[in-house]
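One structure is given below, encoded as structure tokens.
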Amino acid sequence: MKKTGIFYGSSSGETEYVAKQIQKELGGENKAEVINIVMASQEDLQKFDNLIFGTSTWREARMQYDWEFYQNLLDETDFSGKKIALFGTGDQVNYPDNFVDAMKILYDKVKENSGEIVGAVATDDYRFNKSKAIVNKKFVGLPVDETNEYQKTPQRVKKWCETLKKEFH
Ligand SMILES: Cc1cc2nc3c(=O)[nH]c(=O)nc-3n(C[C@H](O)[C@H](O)[C@H](O)COP(=O)(O)O)c2cc1C
């Protein structure tokens, strides 16, 4: 597998923590680079054929603030030929009607600019009412709930990374 770029936006560190777990599961620093979106350049996005984007969801369907601030980076990137996987941190108990909604915003931007999304996840393991991040009955990426189900995160990340290792370039 080619080296993966993991880009994240994180307000209180939960998404950053998950990004680092994903890096570890993919084989560490030689296999995956973790980059905070506030530090990212257009060249950083261009240099990887495999990309992972992670965002938390805020106030019903909004991306984490740094992703909103730097969303022009995505608007200006041509994702043709790249494979992109998404993960979203959220809270099923307090925001059951908007669980990990923001993943869908990243999904739409990537699709708009010709990227191929991989790593969809079944909804069975989660309890929520509604999520905008569901397409064809699956989440468009990996949902993680560090508030209520942090104990499930390592296994969820591990399983997801196993599928990415097969799907990525
Ligand atoms: C004010 C507020 C609004 C939130 N809104 C949502 C939401 O609409 N949907 C959701 O799934 N999680 C929501 N969350 C939960 C966060 O997305 C979750 O705690 C996430 O792990 C934070 O990650 P971060 O610290 O990396 O930004 C909200 C949290 C707060 C404090």
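The values are calculated or read from the model by the stated rules, or taken from the named source; none is laboratory data. These figures come from a predicted structure and were not determined experimentally. Cβ sites come from the backbone with ideal geometry, for glycine too, and all protein chains shown count toward neighbours. For accessibility, only protein heavy atoms count, side chains too; no ligands or nucleic acids. Shrake-Rupley method; radii C 1.70, N 1.55, O 1.52, S 1.80 Å.
Table for the structure above
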read-out: Fraction of beta bridges assigned by DSSP in the chain that are antiparallel (%, nearest 5); value: 20 percent
read-out: Label zone at Asp78, where the point sits 7 Å out along the Cα-to-Cβ direction: the stretch 32-52 residues whose backbone N lies under 14 Å; value: 46-47
read-out: Centroid-to-centroid separation of the stretch 98-169 and the stretch 1-43 [C-alpha atoms, Å]; value: 16 Å
read-out: Solvent-accessible area, 1.4 Å probe, carbon plus sulfur percent, for the chain; value: 45 percent
read-out: DSSP-loop trypsin sites (Lys or Arg not before Pro) across the stretch 106-169, with at most 16 other Cβ within 10 angstrom; value: Arg127, Lys130, Lys137
read-out: Residue-normalised accessible area of the stretch 4-167, expressed per residue, 1.4 Å probe, Å²; value: 49 Å²
read-out: Prolate/oblate/rounded call for the chain, Cα gyration tensor, a/c under 1.5 rounded; value: rounded
read-out: Difference of contour (0.36 nm per residue) and Cα-Cα distance, Arg127 to His169; value: 11.9 nm
read-out: Amide H contacts under 5 Å for Ala32, placed H, 5+ residues apart; value: Thr4
read-out: Longest segment of the chain lacking GluC sites (Glu not before Pro) that sit in a DSSP loop with at most 16 other Cβ atoms within 10 Å; value: 77-169
read-out: Mean ellipticity per residue at 222 nm, deg cm²/dmol - from DSSP H runs of n ≥ 4 across the chain, formula -39500 (n - 2.57); value: -9000 deg cm²/dmol
read-out: Selection of chymotrypsin sites (Phe, Trp or Tyr not before Pro), the stretch 75-127, meeting DSSP coil and at most 13 other Cβ within 10 Å; value: none
read-out: The stretch 1-58: trypsin sites (Lys or Arg not before Pro) in DSSP coil with no more than 13 other Cβ atoms inside 10 Å; value: Lys2, Lys47
